[in-house]
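Encoded as structure tokens, the structure appears first; notes follow it.
The values are calculated or read from the model by the stated rules, or taken from the named source; none is laboratory data. These numbers come from a predicted model, not from an experiment. Cβ placement follows ideal geometry from the backbone for every residue including glycine, while neighbour counts extend to all protein chains displayed.
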Amino acid sequence: MPEPFTEIPVRQSKCRSAVAMILMSQVADQNGNGLTNAEMSGGSISYNCFDINSLTPRTPILTGTITPISSVLFDTLVTNDPRWTAGNEPGPTGLVGYNFRWIAPIGLTTLNQQGPGKRRIEILGTPATGPTFWFGAWEFTVAEMLSIY
């Protein structure tokens, strides 16, 4: 199992129910270069979702696998996407931009049906060979919708 999240930042955001979330990060390989599809060939990317406000915040309330890997992992850093809010700060590769972007399906946001509160998504990479590693962790606050339509 990879080291705890002492090495990567936990990203914070807010969302509404029935809204897909876009999760982005810069993921480096063991040599500090941007992780590529070739390095993940035969491997997997999985996620665990947690309800931080529950009585069992360390027990996943939803788990899954992200496929295909090639749809979320890019061999070169994306530097011209205005949704990337990390600014011009270099990531683990020493460069600016992201190489992982996952649009979490609206079904995943069924977490919101559990009411307002804080949720966390952790994404883990497991290559066919070599150690597992974290793609990232995102915590988000689910806002209660007050409008009735």
Next on the checklist: Would you confirm, using the coordinates I've provided, whether Phe135 is crowded, with 16+ Cβ neighbours inside 10 Å and at pLDDT 90 or above?
Outcome noted: yes
Checklist entry - So is Asn99 at pLDDT 70 or above, over 23 Å from Phe140 (Cα atoms) and either assigned to a helix (DSSP H, G or I) or not aliphatic (A, V, I, L, M) (or both) or not? => result no
Checklist outcome for this item: Picked from segment 64-83 (must be of a type in the set (D, E, K, R) and surrounded by 11 or more Cβ atoms within 10 Å (Cβ to Cβ)), the residue nearest to Ile123 (Cα to Cα) is Asp75
Checklist entry - Do we have Ala104 as among the aliphatic types (A, V, I, L, M), within 16 Å of the chain's Cα centre (by Cα) and either under 25 Å from Thr129 (Cα atoms) or modelled with pLDDT under 85 (or both) here? => result yes
Next on the checklist: Quick check on this structure: which one of Asp75, Asp81 is modelled with pLDDT of 85 or more, assigned to a strand (DSSP E or B) and more than 14 Å from the chain's Cα centre (by Cα)?
Outcome noted: Asp75
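I need the full set of residues from segment 39-57 which are hydrophobic (A, V, I, L, M, F, W, C) and in contact (Cβ under 8 Å) with a residue 24 or more places away in the chain, in order please.
Those that are hydrophobic (A, V, I, L, M, F, W, C) and in contact (Cβ under 8 Å) with a residue 24 or more places away in the chain: Met40, Ile45, Cys49, Phe50, Ile52.
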Next on the checklist: Restricting to segment 31-63, give me the number of residues that are in contact with a Pro (Cβ under 8 Å, 6 or more places away or on another chain), exposed (fewer than 12 other Cβ atoms within 10 Å of the Cβ) and at pLDDT below 90.
Outcome noted: 1
Checklist entry - In segment 58-79, which residues are touching a Ser or Thr at 6+ places or on another chain (Cβ under 6 Å) and either free of Cβ contacts under 8 Å to residues at least 12 places away in the same chain or under 11 Å from Thr36 (Cα atoms) (or both)? => result Asp75
